[in-house]
1. Let me know the charge dipole size of the chain about its Cα centre in debye, to the nearest 20, where only the beta-carbon of Lys, Arg (+1) and Asp, Glu (-1) is charged.
2. Could you give the dipole magnitude of segment 303-431 about its Cα centre, charging the beta-carbon of Lys and Arg +1 and that of Asp and Glu -1, in debye to the nearest 20?
3. Using alpha carbons only, how many angstrom separate the centre of segment 391-423 from the centre of segment 134-156?
4. Placing +1 on the Cβ of each Lys and Arg and -1 on the Cβ of each Asp and Glu in segment 350-441, which of Val407, Phe379, Leu361 has its Cα farthest towards the positive end of the resulting dipole?
5. Roughly how large, in nm² to one decimal, is the mean projection of the convex hull of the alpha-carbon atoms in segment 413-561?
6. Could you list which residues have their amide H under 5 Å from that of Ser157, counting only those 5 or more apart in sequence or on another chain, with H placed in the peptide plane?
7. Rounded, prolate or oblate: which fits segment 118-179, taking a ≥ b ≥ c as square roots of the Cα gyration tensor eigenvalues, rounded meaning a/c under 1.5, else prolate when a/b beats b/c?
8. If you count, for each residue, the other Cβ atoms within 10 Å and average over each peptide, how do 57-70, 210-223, 30-43 line up from highest to lowest?
Amino acid sequence: MIDIDVNRSVTSFMAISKMHTNTSLPTFALVERRMSLSRIVSHRNLGNAEALLTGGVCTLEANQDAAELVLDFGKQCVGSWSMDVRCGNTLRIVVTYGEDLQETLQEEEFTGGWYKRPRDTFSIEAGTTTLQSRGRRAFRYVRVQVEAGGAEVALLSTAAQLRHYPVNESGYFSCSDSLLNRIWEISAYTTKLCMQQYYEDGPKRDGLLWISDYRVQFLCNILLFGDLELARKSLRLIAASQRANGAIPATQGSVGAHQHPSNIDYMPGIPEGVNDWVIVNYCLDYIGCVRDFHTYSGDVDLVKELWPGIRTLLGFLLAQEPDAARSGKDFITDTYYGMDGWWGSHGMLALQYLIGFDDALHLAGIVGDEATQDTCRQFLATHRSHLLKTYRVDRDPLFFDEPHSKVSTSRQVNAFATLAGLATAEEHAQRMGILASGHYRTHTPAAGFMHFWTLLADFKSGLHEQALQSIREIWGLMLSHGATTTWDLVDPKAGAHAHSAGFAYSRCHGWSAGPAFFFPTEILGVRVDAPGWTHLTIRPNLAGLEWAEGEIPTPRGAIRVTWTKEPKLSGSVHLPAGMTADVWLGESSVRVGAGRHQF
């Protein structure tokens with residue numbers, strides 16, 4: 001039990017009137033680009049199929065047997081699909097879309113939870129017609145079927161139309177490991193496709209703004225594209241959904257941050273099914289979202305605008321008991337292959353309280369709210385002591401998932417102990433070694449956002465080579481199955497089953513794009529020290545790589561960095577005007593300003 005006058009603090013916070021959120025949020029003009037057909041995967045009862053690749057005409061000859069054509073556009077597309085067709089009689093054409101080929105070719109209709117496989121049915125008259133996907137689609141493959149008994153159909157042309165938020169695509173990373181380069185590319189592409197009118201978790205499923213998804217997506221974007229405006233809009237949408245008791249729903253469908261049903265028509269139950277879902281650790285993450293935004297933007301005005309809502313949220317959080325028995329619907333920390341639903345670690349939730357209130361303490365200092373600073377300091381002191389007595393049993397070096405229990409431990413809870421400042425780098429390395437020994441029953445991450453935080457703890461503890469190897473295994477598994485974007489769930493222990501878990505899963509999910517953040521910050525070593533990119537620490541770690549280089553777009557201009565290992569670590573740093581950096585290539589640092597510097 002937390003020893004703090006919760007009732008007094010809650011009353012104090014709840015007395016703050018809810019912030020007035022600016023509802024005049026911008027609508028962005030999305031980038032549109034035509035994607036050409038890449039290849040014909042397969043066809044049946046089709047004449048001259050390859051002509052479609054070069055602008056020629058081919059024919060689907062249904063007659064007594066069904067005819068079909070499976071198209072591959074080479075990469076994930078978010079937008080629309082179209083095809084010009086000509087026929088002599090009335091007929092019916094069915095078009096099925098898939099993010100992977102397995103989904104596209106599934107014969108039986110598939111529905112899982114609030115998702116059903118996207119499919120369009122067209123009844124067309126004699127003459128020339130343009131088939132157009134009904135609503136936005138997220139796909140790589142398209143299957144066109146003419147039902148048995150239909151007339152011959154001439155396929156004149158086909159194309160996909162890609163749409164996404166307008167980003168500055170000058171961000172760049174490359175290194176001596178081609179696998180890591182491919183991982184960076186699919187992470188960057190995923191982040192871009194999930195940036196629409198706000199940050200969507202996944203453009204096929206769910207097309208919603210979720211708090212904890214947004215947090216990882218923003219951190220990836222800021223190193224890739226340097227954009228702040230979409231994040232500013234997303235944070236205001238999150239704030240606008242806040243309830244009177246201070247709680248913030250995990251997703252913001254109630255304030256318009258959803259793509260259903262008019263734009264994506266194949267997800268029944270959205271947004272109504274999740275508008276009221278309050279996930280406690282997502283509420284804590286929101287505080288970190290605001291801190292992240294201030295770190296990279298230096299925008300104090302937005303922090304002040306959102307602060308009254310954060311104070312009210314703190315009241316709600318103080319009224320909760322981190323150790324109380326909760327279902328997987330009240331807080332979610334991960335899942336794993338073969339599990340129906342979400343798995344939750346109470347220890348991890350309790351540790352996230354420590355991180356969230358530290359974030360609140362930092363923000364309170366920015367806005368000059370001394371009363372909230374005092375409350376946060378009091379909470380942090382008592383809660384830190386409580387954590388050490390409750391989840392680190394008998395001074396065991398490990399943290400455990402449940403109070404006063406050694407039954408279950410996890411990479412997740414021990415990573416968050418490190419991120420919360422309850423483990424040194426040496427202790428973190430020791431704990432990871434114990435977990436790897438198999439002595440304890442140990443949960444490991446599967447959800448993309450949890451891979452992000454466990455890897456961050458490894459990097460923070462100096463385990464760069466181990467972290468890069470984990471990235472090779474996790475994201476390499478996706479690539480081995482032909483991925484061009486990052487999946488929402490990846491459990492390496494599932495092996496081949498990781499690709500057949502069901503079509504309700506998303507194969508383009510922004511919370512799994514973490515390498516787009518880690519490669520610039522941990523390999524190139526570029527980290528922000530002062531708000532708004534005014535001062536950096538640059539501490540490269542090639543972690544076994546021969547060389548690495550990259551460019552990071554910022555509001556102040558581009559940062560360009562190159563490093564090579566032999567004969568000793570050396571390289572160059574280019575900083576734009578208005579920026580300084582401490583560059584570390586060993587035990588000492590050199591401070592540099594704008595311009596190009598050789599080391």
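The values are calculated or read from the model by the stated rules, or taken from the named source; none is laboratory data. Owing to the predicted nature of the structure, the values given are computational and were not obtained by experimental measurement. Cβ atoms come from the backbone with ideal geometry, glycine included; neighbour counts cover every protein chain shown. Please note that ligands, DNA and RNA were not included when accessible areas were found on the heavy atoms of the full protein model with its side chains. Shrake-Rupley method; radii C 1.70, N 1.55, O 1.52, S 1.80 Å.
1. With only Lys, Arg, Asp and Glu charged at Cβ, the dipole is about 640 debye.
2. The calculation lands at about 140 debye.
3. Here the answer is 53 Å between Cα centres.
4. So the residue furthest toward the plus end is Val407.
5. 10.6 nm²
6. Asp84
7. Verdict is prolate for segment 118-179.
8. Highest-to-lowest ranking by the protection proxy: 210-223, 57-70, 30-43.
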